Amino acid sequence: MTMLPMTSPPSTPLHRRDIDFNMGAPIPAHWLAGHCHLTRFYDAMSIMFPEGERAFIETVRHYRDRIGSDADLAHAVKEFIAQEALHSREHVRYNRRMQEQGAPVERLERIVASQQAFARRYLPPVARLAITVCLEHFTAMFADQILRDPRCLEGAHPAMADIWHWHALEETEHKAVAFDVFTAAIRAPLRRYVLRCVTMPFVSIIFSTLLWRFTCHLVRHDGRGTDVRGWLHLLRVQFMRPGPLMRMLPYWLAWFRPCFHPWQHDNHGVMERFRQRFDRESSGGG
Ligand SMILES: [Fe+2]
Ligand SMILES: [Fe+2]
């Protein structure tokens, strides 16, 4: 892990890639190697994205005026909002396809929406910003695993591998934007540190619980809730080999360092292959 000062390296250009992943095409319900449990783990995440990303956009937009004269950060915020809006659009299409194939998507989306409504109603903007920053760290950690290890999406339908790689690429590109807004908006370092450290455990528990609850619900709806071998395979893949959830642990712990910044984990290298490819596709090649 390379130590860098508390700013994003200048070589992190953000750029939106407006790609239609053709979620209306025939795609098998269990698109990840034909495996119900593995597929539903990703599908559960997808159900959380549209509402979640709308909330990220709202929160960051709320603080846009407080970032002062930093033109680079202002540009990054603009691209962050554009990228998240496109992710939201594509995951809405992804989720509609799932629903048309019979998955109980609307019911789970309502749970996410009610959590967001609760946060909007009862939490102050600063708490919502802290939650956004924590969730962006979560998505960046998982995105890094997806880009780094081809085994995570081995056997996936090509359109589904594409949408996950595209999303993971852009989550990595903009992984520091909400954090930099948080730093600019809350001037007192101690307040910032305490706020993000207190928020992270809550966010981790709530997010992980919801993810596994949705996965269980989708698998049960497929009639595979008692398929022990299927569950063991999912747990083995996520925690052992390739084990993305286990490999995320050092990066999760790094969050609690007082001088933490997302780009201290410099993973530009894992983005390059996907960047070239999706840049080509968004400029008319695909
Ligand atoms: Fe996103
Ligand atoms: Fe994001």
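The values are calculated or read from the model by the stated rules, or taken from the named source; none is laboratory data. These figures come from a predicted structure and were not determined experimentally. Backbone-built Cβ (ideal geometry, glycine too); neighbour counts: all protein chains shown.
Annotations
- Within segment 102-111, the set of residues being surrounded by 15 or more Cβ atoms within 10 Å (Cβ to Cβ) and within 19 Å of HIS37 (Cβ to Cβ) comprises ALA103, PRO104, VAL105, LEU108.
- Unmet requirement for ILE27, which otherwise passes all of (1) touching a residue at least 60 places away in the same chain (Cβ under 8 Å); (2) farther than 24 Å from ARG224 by Cα: (2)
- Residues that are within 27 Å of GLN145 (Cβ to Cβ) and without any contact (Cβ under 8 Å) to a residue 24 or more places away in the chain within segment 31-72 comprise just one, THR39.
- Test: residue in segment 82-95 that is surrounded by fewer than 20 Cβ atoms within 10 Å (Cβ to Cβ), farther than 30 Å from LEU232 by Cβ, in contact (Cβ under 8 Å) with a residue 24 or more places away in the chain and touching a Gly at 6+ places or on another chain (Cβ under 9 Å): yes
- Hits in segment 59-90 (condition: within 14 Å of ligand 1 (Cβ to nearest atom), closer than 14 Å to ALA185 by Cβ and hydroxyl-bearing (Ser, Thr, Tyr)): THR59
- Within segment 100-123, the set of residues being outside any helix (DSSP H, G or I) and either free of Cβ contacts under 8 Å to residues at least 12 places away in the same chain or not aliphatic (A, V, I, L, M) (or both) comprises GLN101, GLY102, PRO104, LEU123.
- Flag if ASP162 is within 16 Å of ligand 1 (Cβ to nearest atom) and at pLDDT 95 or above: yes
- THR183 passes every criterion in (1) within 13 Å of HIS261 (Cα to Cα); (2) within 13 Å of ligand 1 (Cβ to nearest atom) apart from (2).
Table: residues versus (1) modelled with pLDDT of 95 or more; (2) buried (at least 19 other Cβ atoms within 10 Å of the Cβ); (3) of a type in the set (Asp, Glu); (4) under 26 Å from ALA76 (Cα atoms).
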| residue | (1), (2), (3), (4) |
| --- | --- |
| ASP180 | yes, yes, yes, yes |
| PRO189 | yes, no, no, yes |
| ILE205 | yes, no, no, no |
| PHE214 | yes, yes, no, no |
| VAL237 | yes, yes, no, no |
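Residue by residue, here is whether (1) among the aromatic types (Phe, Trp, Tyr); (2) modelled with pLDDT under 95; (3) surrounded by 13 or more Cβ atoms within 10 Å (Cβ to Cβ); (4) over 17 Å from PHE142 (Cβ atoms) holds:
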| residue | (1), (2), (3), (4) |
| --- | --- |
| THR226 | no, no, no, yes |
| TRP231 | yes, no, yes, yes |
| TRP255 | yes, no, yes, no |
| MET271 | no, no, yes, no |
| PHE274 | yes, no, yes, no |
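- Applying a threshold of 7 Å to beta carbon distances and a minimum spacing of six or more residues, or different chains, the list of pairs starting in segment 185-200 at a residue that is without any contact (Cβ under 8 Å) to a residue 12 or more places away in the chain and ending at one that is not in a helix (DSSP H, G or I) reads ARG192/ILE186.
- Among residues of segment 17-70, those that are assigned to a helix (DSSP H, G or I) and either surrounded by 15 or more Cβ atoms within 10 Å (Cβ to Cβ) or of a type outside the set (Asp, Glu) (or both), counted: 30
- Among residues of segment 149-182, those that are part of a helix (DSSP H, G or I), more than 15 Å from the chain's Cα centre (by Cα) and over 23 Å from PRO26 (Cα atoms), counted: 5
- Output for segment 236-272, where each listed residue is touching a residue at least 24 places away in the same chain (Cβ under 8 Å), of a type in the set (Lys, Arg) and not in a loop (DSSP other than H, G, I, E, B): ARG247
- Sole exception among (1) of a type outside the set (S, T, N, Q); (2) crowded, with 21+ Cβ neighbours inside 10 Å; (3) in a loop (DSSP other than H, G, I, E, B) for ALA76, by number: (3)
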